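Enquirer: Sharing a structure below in structure tokens format, with a few things to ask.
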Amino acid sequence: WLDLTNSESPQFVGRAVVGLATDSKVMEKSGNVLIAAGLAREYGFTDIDGKSPRPLGLEDV
């Protein structure tokens, strides 16, 4: 059974890319693994349905 309650739309990931592309300090993030849900919290955006997916870590997999 696949639980999709915390899933992200492709548009959500696109919003993360836009956030990075417009961040004047984006180079400070260079060399790091970035999670779209974490970027959403930092940049203040939500998914197209208004939800805020929870950032998952390795312990959640």
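Enquirer: Determine the relative contact order of the chain: mean sequence separation of Cα pairs under 8 Å and six or more apart, normalised by residue count, in whole percent.
Expert: RCO, the chain: 41 percent.
Enquirer: For P(r) over Cα pairs in 5 Å bins from 0, in percent, the listed values are (1) 4, 17, 28, 24, 16, 8, 2, 1, 0; (2) 4, 18, 30, 26, 11, 6, 3, 1, 1, 0; (3) 4, 16, 22, 21, 18, 12, 5, 1, 0; which was obtained by calculation from the structure presented?
Expert: So the calculated entry is the one marked (1).
Enquirer: With angles folded into 0 to 90 degrees, how steeply does helix 10-21 sit against the dominant principal axis of the chain? Use alpha carbons for both and round to 10.
Expert: So the inclination is approximately 20 degrees.
Enquirer: Still on this structure: Using 0.36 nm times the number of residues separating Arg54 and Val17, minus their current alpha carbon distance, what extension gain do you get?
Expert: Computed gain between Arg54 and Val17 is 11.6 nm.
Enquirer: Which one of Ala36, Ser52, Val17 is farthest out on the positive end of the charge dipole of the chain, using unit charges on Cβ (Lys, Arg +1; Asp, Glu -1) and the Cα centre as origin?
Expert: It is Val17, whose Cα lies furthest towards the positive end.
Enquirer: Can you list the residues, at least 5 places off or on another chain, whose amide H is less than 5 Å from the amide H of Ser9, using H built in the peptide plane?
Expert: Ile48
No value in this document is a laboratory result; all are computed from the given coordinates. All values reported here derive from a predicted model rather than from experimental measurement. We place every Cβ from the backbone using ideal geometry, glycine too, and count neighbours over all the protein chains shown.
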